[in-house]
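The values are calculated or read from the model by the stated rules, or taken from the named source; none is laboratory data. The structure presented is a predicted model; accordingly, all values stated were derived computationally and were not measured. All Cβ positions, even for glycine, are placed from backbone atoms using ideal geometry, and neighbour counts span all protein chains on display. Remember, those area values only see protein heavy atoms, side chains included, never the ligands or the DNA or RNA. Shrake-Rupley method; radii C 1.70, N 1.55, O 1.52, S 1.80 Å.
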There are 2 protein chains.
Amino acid sequence: MKKPAPPRPGGRSERVKTAVFDAVEHLIADDPGGIPSMAAIAVRAGVNPTSLYRRWGDVNILVAEVATERLVRDLPVPDTGSLHGDLTGWASNVARNLNNRKNSALLRIMTATARASRTARDLNSLPIGRRIAELEAMLARARKRGEYAPDLMDILDFVLAPIYLRVLFMGAIRDADFVGRLVDRVLSPPL
Amino acid sequence: MKKPAPPRPGGRSERVKTAVFDAVEHLIADDPGGIPSMAAIAVRAGVNPTSLYRRWGDVNILVAEVATERLVRDLPVPDTGSLHGDLTGWASNVARNLNNRKNSALLRIMTATARASRTARDLNSLPIGRRIAELEAMLARARKRGEYAPDLMDILDFVLAPIYLRVLFMGAIRDADFVGRLVDRVLSPPL
């Protein structure tokens, strides 16, 4: 795919972007089974399809940008004084954030369009990079306090991954105790 | 999306389907960042776009069908005499199956187009339904032998989910011991 030139800053450009991003969000929430067409996005946003192709080059690039910007926002990082409290609050935020039709559809799009990174070095540039940065902050505080703190990868594997699996393949998470059990388990030191 | 009529059985229809499915597979492996356009699929398969729309109705329906048929094939279910051996073999098969560009791209498409089920009743009709059926067979044998066997959901959460997370967001799994550690951990009875 060719990389389109960045838009010039300015009022009209920003307004078009907002209309287009809103259109994408509505279309995928209305019909979460895939990626909308450039034509449908153009109609919904009231802009010319040609200008969408000029600015984003390809519908997959456009929807990836929408998913990243609208879904992967910073979540508040809890600071409760214990890693157990911090992780429980964080995991509940992640699950709650995904527990609606719009955001689970955005996660699907993010997954479809993610270009997996092959080096550990750029973990923070992954689509889940902000989640990783939030975890690193909580783990660093726990280590400073002298608490047992598992590896970052364990939290990704045993807390974030199960939340994503359920949202992506089994619908919303309606079991209120689910994330609590994930956190309890990952914080039991290995035998 | 409207549901297209099923194709009449017959040689030509089957040949077109194979050409179209091959085209989709190649296009997503060449450029794994999203869903190819109907136009690109038509060109690559050497068929008229109109006939693609007539048969599949929508590009998302078409690619979902390709992903399910080509990726979610039955994997051999190991029967080693112990749940540890069975799960290690099974998880290694799952990881190996996804450890190439074509299949990881198909997993992405399957995730994007999955319509999450909201009832536990139809777990087997999920995109991951065959993986679940394979696990149920291994767990039933373990219980018959009197072995400790965790819940099905624990294996989905702590073995399948981490494999999917890494494939989708962090590239191929190159750590040979990774799935072994997942299995050891899920088979340690909770304290």
Of all accessible heavy-atom area on the protein assembly as shown, the percent that carbon and sulfur account for (1.4 Å): 53
Solvent-accessible area of residue A:68 with every protein chain in place, 1.4 Å probe, in Å² to the nearest 10: 70
Charge tally in the Cβ shell below 12 Å around residue A:158, where Lys, Arg are +1 and Asp, Glu are -1, residue A:158 excluded: -2
For residue A:141, net neighbour charge (Lys/Arg +1, Asp/Glu -1) across residues whose Cβ lies under 9 Å away: 0
Efficiency of FRET from Cβ geometry, residue B:22 and residue A:144, R₀ 56 Å, rounded to 0.05: 0.50
On Cα atoms only, tilt of A:11-30 relative to the major axis of chain A in degrees: 70
Per residue accessible area in Å² of chain B, where ligands, DNA and RNA are left out and the probe is 1.4 Å: 47
Global geometry of the range B:11-71, whether rounded, prolate or oblate, following the gyration tensor of its Cα atoms and the 1.5 cut on a/c: rounded
Simple Cβ-charge dipole of chain A, Lys/Arg +1 and Asp/Glu -1, about Cα centre, in debye nearest 20: 700
Rounded to 10°, Cα long-axis angle of helix A:129-144 versus longest principal axis of chain A: 20
Helix B:83-98 vs. chain B, principal-axis angle (Cα, 0 to 90°, nearest 10): 30
Net lengthening on full extension, residue A:137/residue A:177 (0.36 nm per residue, minus Cα-Cα): 12.0 nm
Pseudo-label separations to other copies for residue A:48 - Cα-to-Cβ vector, 7 Å, nm: 3.1
Ascending list, in nanometres, of distances separating the residue B:99 label from those of the other copies (7 Å, Cα toward Cβ): 3.8
Chain pair B, A: total accessible area buried, heavy atoms, 1.4 Å probe, Å²: 4000
Inter-copy label distances at residue A:81 (7 Å, Cα→Cβ; nm, one decimal): 5.5
Residue A:84 accessible area, assembled protein chains, probe 1.4 Å, Å²: 80
Karplus-derived 3J(HN,Hα), 6.51/-1.76/1.60, for each residue of the range B:49-56, Hz, glycine and proline x: x, 4, 6, 5, 4, 5, 7, 10
